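I have placed the structure first, in the form of structure tokens, so that the comments after it can refer back to it.
The values are calculated or read from the model by the stated rules, or taken from the named source; none is laboratory data. This one's a predicted model, so the numbers in the text were calculated from it and none came from an experiment. All Cβ positions, even for glycine, are placed from backbone atoms using ideal geometry, and neighbour counts span all protein chains on display. Quick note on the areas: whole protein, heavy atoms, side chains included, nothing else; ligands and nucleic acids left out. Shrake-Rupley method; radii C 1.70, N 1.55, O 1.52, S 1.80 Å.
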Amino acid sequence: MDIYRIRGNKRLSGEVEISGAKNAALPIIVACLLAKGETILKNVPDLMDIRTIFKVIEFLGAQTDYNPEKNILKVKVGRIKNAEVPYELVKTMRASVYVMGPLLAITGEADVSLPGGCSIGERPVDIHLSGFEAMGAKITLEHGYIKAAAKELKGTTFFMKKVSVGATANLMMAAVLAKGTTVLENCAMEPDVVDLGNFLTAMGAKISGLGTDRIEIEGVKKLKPVTYSIIPDRIEAGTYLLAGAITKGKVKVKNIVPGHISALLDSLSEMGYKLKTGKNWVSLEPSRKLSGTVIKTLPFPGFPTDLQAPMMSLLSVTSGISVIIETIFENRFTHVPELRRMGADIQIEGNTVIIRGKKSLSSAPVMMSDLRAGAALIIAALAAKGTTEIRRIYHSDRGYEKLSQKLLKLGADIKRVKGGKP
Ligand code: UD1
């Protein structure tokens, strides 16, 4: 297993190009199944999760042709061969559950193994399933498989009891070909959901209310293949800004939509960082006086839970007391014991952490437990004194394209070492 070896305490400086958004690309790649013919997707990041979703749609009968240099994906869809997605494909990635919506819409059935993925709390799929039921599907659970069947999906009004990115996306994909009008209430407003909606609209779907908490979808008979470009990854952009911030460096993230990370930008400027924003870039510089802050994770446009862990690393070395309240996922603090090993002073009280900022962190052998916890450790290591070895880096391969190359370009001292100790 590869490891990262990072010699820290080095200022980062320079520009970094942000890749396409993983969380937008995943449902959009699956949504290609909804139209026969060849769809072309641009700005598709080369990531483990993206490679996994290729396998899933190939298993169902699609053909994929991916050019990782150009980040272009061609998906050819003919007849759907299978309506069942086995455990081997689903176990590594929860987003595989996205095939349920399109499969139900096209074939009238979907058998999907219960999902795995990041180990961040319970993460049920009950809202997805009750939404399908409300549209007329019969749902059963057998031998670890969710079985859904519907002769015909019918439009309905469905209130989601919790704001869920996955359920909003999955139900939208089912509703575009359903009979009649579906109204989804308490929808996620994340840019990834909006991007999926824009993609479906380009394919001929009739959707209104994207980016609001009420989405209305008028079912159509057929969708057509299109060429579409995925939005930039706001979580990757935020991660590099935090990497710049923790090393007191000057970093510019390019090819982004600044409005997608306004909650992070507000927090950073409140802490004292100097930020400049252009049409598709943000740059960050430190200032002499920086202070801690209070962060509460919330659905978009609030502070994203996916930046909670990397933000915690920064707050660990920011003077004063900071507080983070995690309201989206329980058990999303697995990075805390690892950060403590590097000298951070962090106390957990239920869904809240209290951080007493230290002058510096010091290197220690640490281990990634999930994708964003991994980002937190990389950020901490970039600022820590000494050389940090990070294990289980396959977690960050799931979501950060060319991570070490991008950090090297910013001046980090990072090596990916083959066959480090597991
Ligand atoms: C997506 C993102 C993930 C991000 C999360 C929240 C992808 C592939 N992943 O995950 O990176 O951290 O949004 O922004 O896009 N819930 C239920 N029942 C359900 C579905 C969700 O109770 O049926 C709960 C979850 O346990 C969680 C909350 O709703 O507490 C939000 O989860 P959700 O938005 O669905 O997250 P994902 O779509 O899995």
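Compute the FRET efficiency between Lys276 and Lys10 as 1/(1 + (r/R0)^6), taking r as their Cβ-Cβ distance and R0 = 22 Å, and round to the nearest 0.05. Approximately 0.45, to the nearest 0.05.
Rounded to the nearest 20 debye, the dipole magnitude of the chain is 1360 debye, with +1 charges on Lys and Arg beta carbons, -1 on Asp and Glu beta carbons, and the Cα centre as origin. Ordered from largest to smallest accessible area (heavy atoms of protein chains, 1.4 Å probe), the residues Phe54, Phe159, Phe59 come out as Phe159, Phe59, Phe54. Okay, which of the range 128-164 sit inside 14 Å, backbone N to the point 7 Å along the Cα-Cβ direction of Lys179? Answer for this model: 135-137, 150-156.
Say the dipole of the chain comes from +1 at the beta carbon of Lys and Arg and -1 at that of Asp and Glu; which of Leu103, Ser404, Gln308 then lies farthest toward its positive end? Selected residue: Ser404. Nonpolar atom fraction for the chain, defined as the carbon and sulfur part of the 1.4 Å probe accessible area, stands at 51 percent.
Counting heavy atoms of the protein chains alone, Glu142 has an accessible area of about 80 Å² for a 1.4 Å probe. So what is the relative contact order for the chain, in percent, with contacts set as C-alpha pairs under 8 Å and at least six apart? Averaging sequence separation for qualifying contacts and normalising by length gives 22 percent for the chain. Work out the charge dipole of the chain with +1 on the Cβ of Lys and Arg and -1 on the Cβ of Asp and Glu about the Cα centre, then indicate which of Phe333, Val193, Leu382 is farthest towards its positive end. It is Leu382, whose Cα lies furthest towards the positive end. One quarter of the surface of the convex hull around the alpha-carbon atoms of the range 247-331 equals 5.5 nm², the direction-averaged projected area. Here's the picture: charge each Lys and Arg Cβ at +1 and each Asp and Glu Cβ at -1 in the chain, and of Val165, Ala150, Leu26 the one pushed furthest to the positive end of that dipole is Leu26.
Considering only Arg340, Arg332, Arg234, the mean-square fluctuation computed in a Gaussian network model of the chain, springs between alpha carbons under 10 angstrom, is largest for Arg340.
When the listed pairs Lys206/Lys296; Lys55/Lys279; Lys91/Lys162 are checked against a 28 Å cut-off, the alpha-carbon distance exceeds it for Lys206/Lys296; Lys55/Lys279. Packing here is the average count of other Cβ atoms within 10 Å per residue, and on that basis the peptides 362-371, 146-155, highest first, run 362-371, 146-155. Sorting Thr297, Thr327 on solvent-accessible area from highest to lowest, probe radius 1.4 Å, gives Thr327, Thr297. Only alpha carbons enter this Debye calculation for the chain, each as an equal point scatterer, and the log10 of I(q)/I(0) it gives at q = 0.07, 0.12, 0.13 Å⁻¹ is -0.33, -0.95, -1.10. In this structure the range 22-229 gives 41 Å² per residue of accessible area when probed at 1.4 Å with all protein chains present. For the range 22-229, a simple Cβ point-charge model (Lys and Arg +1, Asp and Glu -1, everything else neutral) yields a dipole of about 520 debye relative to the Cα centre. In the complete set of protein chains, residue-level accessible area for Thr201 is approximately 60 Å², probe 1.4 angstrom.
Extension gain for the segment Ile325 to Asp266, taken as residue separation times 0.36 nm less the Cα-Cα distance, is 19.6 nm to one decimal.
Comparing Glu38, Glu69, Glu236 in a Gaussian network model of the chain (Cα springs below 10 Å), the most mobile by mean-square fluctuation is Glu69. Once the Cα atoms of helix 48-59 and of the chain are each reduced to a long axis, what angle between those two axes, in degrees from 0 to 90 to the nearest 10, is obtained? Its long axis makes an angle of about 10 degrees.
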